[in-house]
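The values are calculated or read from the model by the stated rules, or taken from the named source; none is laboratory data. None of the values given here were measured: they were computed from a predicted structure. Cβ coordinates were reconstructed from backbone atoms using ideal geometry, including for glycine residues, and neighbour counts include every protein chain displayed. Ligands, DNA and RNA are stripped out before the accessible areas are found, and what is left, the full protein with its side chains, is counted by its heavy atoms. Shrake-Rupley method; radii C 1.70, N 1.55, O 1.52, S 1.80 Å.
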Amino acid sequence: MPEVKLVSSLDGPPDAPVLVLGNPIGTTRDVWAHQLSVLSRYFRVLRFEPRGHGAPGAQSPAPKGPYTIAELGSDVLALANAHGIERFAFAGVSLGGMTGIWLAANAPERVTSLAVCCAALTALPSPRAWHDRAALVRTRGMAPLADLVVPRWFTPAFLAREPAAVAAVVAMLTGTSPEGYAGCGEAIAALDLRPLLPGVLAPTLVLSGAGDVAAPPSLGAYTARAIPGARLAVIQAASHFAHYEKPGPVTDALLRHFRATVAGA
């Protein structure tokens, strides 16, 4: 399948080093709003919408799935090429982090530094669960998915304390193309990134939410051990969307990592 031309946006100084941000499945690039104002002071920040993702009227195309992680990663390389970007740092959450691992292992000459946040390496909880979600959204749309996945994205305390912030993410989810979500979900269902980890040569930071049930800290620790020289940081009182639930500590960790590892930052 050919690459898809992704919807994207660039923020920050035109002459700064490029930092690409990858979203979790079922969200838009606005899920990075907390980080953007800080990171764009030091980097040219490229945010993108994966296949079938994005706000209504600004969605990337959603060809019929299933997709593969190689296709999702190749879409990002094509996007970088379209912007004339040869080398870039990459930070991704969940599906975005999975895509980042694939990019760093398969295009090491392009990825200067990597941060992987709350990302699984295989299909969790199981490939069948992801195939079931794909079938659900193709037949019934996105709305039934919210009650299933949103409680896994945030801690109970955040769900109770920040209903407006949660509602904003639910709107991203329900506005996602069902075919785009299903195709990306099928890419996760077929995933096994473990063999790629020793081939990730870029300086790598692994972030885990202490309360993340979808990609627990033990998995973050495995990822950090398997990537040469990688470091692990666990974000307290955060679940799967650690960057959204605890933006301060995550933004600080990303900024320290990339300013230390990206030339010119």
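Summed over the stretch 218-245, residues that are of a type in the set (Asp, Glu) and surrounded by fewer than 19 Cβ atoms within 10 Å (Cβ to Cβ) total 0.
Among residues of the stretch 74-89 that are over 16 Å from Ser9 (Cβ atoms) and aliphatic (A, V, I, L, M), those with a beta-carbon under 7 Å from a residue that is open to solvent by less than 70 Å² (accessible area, probe 1.4 Å) and in a loop (DSSP other than H, G, I, E, B) at least six positions away or on a different chain give the pairs Leu77/Ala107; Leu77/Arg110; Ala89/Pro17; Ala89/Val262. Filtered by the rule that a residue be more than 10 Å from the chain's Cα centre (by Cα), surrounded by 22 or more Cβ atoms within 10 Å (Cβ to Cβ) and under 18 Å from Phe43 (Cα atoms), the stretch 95-111 gives a lone residue, Val111. Of the residues that make up the stretch 127-150, is at least one at negative phi, in a loop (DSSP other than H, G, I, E, B) and touching a Lys or Arg at 6+ places or on another chain (Cβ under 9 Å)? No, every residue in the stretch 127-150 fails to be at negative phi, in a loop (DSSP other than H, G, I, E, B) and touching a Lys or Arg at 6+ places or on another chain (Cβ under 9 Å). Within the stretch 51-83, the set of residues being at pLDDT 95 or above, closer than 17 Å to Glu179 by Cα and open to solvent by 30 Å² or more (accessible area, probe 1.4 Å) comprises Gln59, Pro61, Ala62, Pro63, Lys64, Pro66, Thr68, Glu71. Here Gly92 meets the list (1) farther than 18 Å from Leu121 by Cβ; (2) open to solvent by less than 30 Å² (accessible area, probe 1.4 Å) almost entirely, failing just condition (1).
Looking across the stretch 69-94, the residues that are out of contact with any Ser or Thr (no Cβ under 9 Å at 6 or more places or on another chain) and over 19 Å from Ala202 (Cβ atoms) come down to Glu71, Ala78, Gly84. From the list Ala215, Ala263, the lone residue that is in a loop (DSSP other than H, G, I, E, B), surrounded by fewer than 22 Cβ atoms within 10 Å (Cβ to Cβ) and touching a residue at least 12 places away in the same chain (Cβ under 8 Å) is Ala263.
Considering Arg41, Arg47, which residue is open to solvent by 30 Å² or more (accessible area, probe 1.4 Å), closer than 22 Å to Gly248 by Cβ and basic (Lys, Arg)? Arg41 is the lone residue from the list that is open to solvent by 30 Å² or more (accessible area, probe 1.4 Å), closer than 22 Å to Gly248 by Cβ and basic (Lys, Arg). Checking each residue in the stretch 112-146 for being open to solvent by 30 Å² or more (accessible area, probe 1.4 Å) and in contact with a Ser or Thr (Cβ under 6 Å, 6 or more places away or on another chain) picks out only Ala143.
Yes or no, residue by residue, for (1) out of contact with any helix residue (DSSP H, G or I) (no Cβ under 7 Å at 6 or more places or on another chain); (2) more than 20 Å from Gly141 (Cα to Cα); (3) of a type in the set (A, V, I, L, M):
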| site | (1), (2), (3) |
| --- | --- |
| Val31 | no, yes, yes |
| Pro50 | no, no, no |
| Pro56 | yes, no, no |
| Ser60 | yes, no, no |
| Tyr67 | no, no, no |
| Glu86 | yes, yes, no |
| Phe90 | no, yes, no |
| Met98 | no, yes, yes |
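For the subset of the stretch 175-206 comprising residues that are within 30 Å of Ala134 (Cα to Cα) and among the polar types (S, T, N, Q), which member is surrounded by the most Cβ atoms within 10 Å (Cβ to Cβ)? By that ranking, first place goes to Thr176.
Only one entry of Gly248, Gly209 meets the criterion of being at pLDDT 95 or above and crowded, with 18+ Cβ neighbours inside 10 Å, and that entry is Gly209. The criterion of at least 2 residues that are within 18 Å of the chain's Cα centre (by Cα) is met by the following helices (runs of 4 or more DSSP H) wholly inside the stretch 151-203: 163-174, 178-189.
One line per residue, one yes/no per condition, for (1) at pLDDT 95 or above; (2) within 21 Å of Met142 (Cβ to Cβ); (3) of a type in the set (D, E, K, R):
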| position | (1), (2), (3) |
| --- | --- |
| Val170 | yes, yes, no |
| Gly175 | yes, yes, no |
| Arg194 | yes, no, yes |
| Leu201 | yes, no, no |
| Ala215 | yes, no, no |
| Pro228 | yes, no, no |
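Residue by residue through the stretch 218-250, note down the ones that are assigned to a loop (DSSP other than H, G, I, E, B), in contact (Cβ under 8 Å) with a residue 40 or more places away in the chain and not hydrophobic (A, V, I, L, M, F, W, C). If the condition is that a residue be assigned to a loop (DSSP other than H, G, I, E, B), in contact (Cβ under 8 Å) with a residue 40 or more places away in the chain and not hydrophobic (A, V, I, L, M, F, W, C), then Ser239, His240 are the ones that fit.
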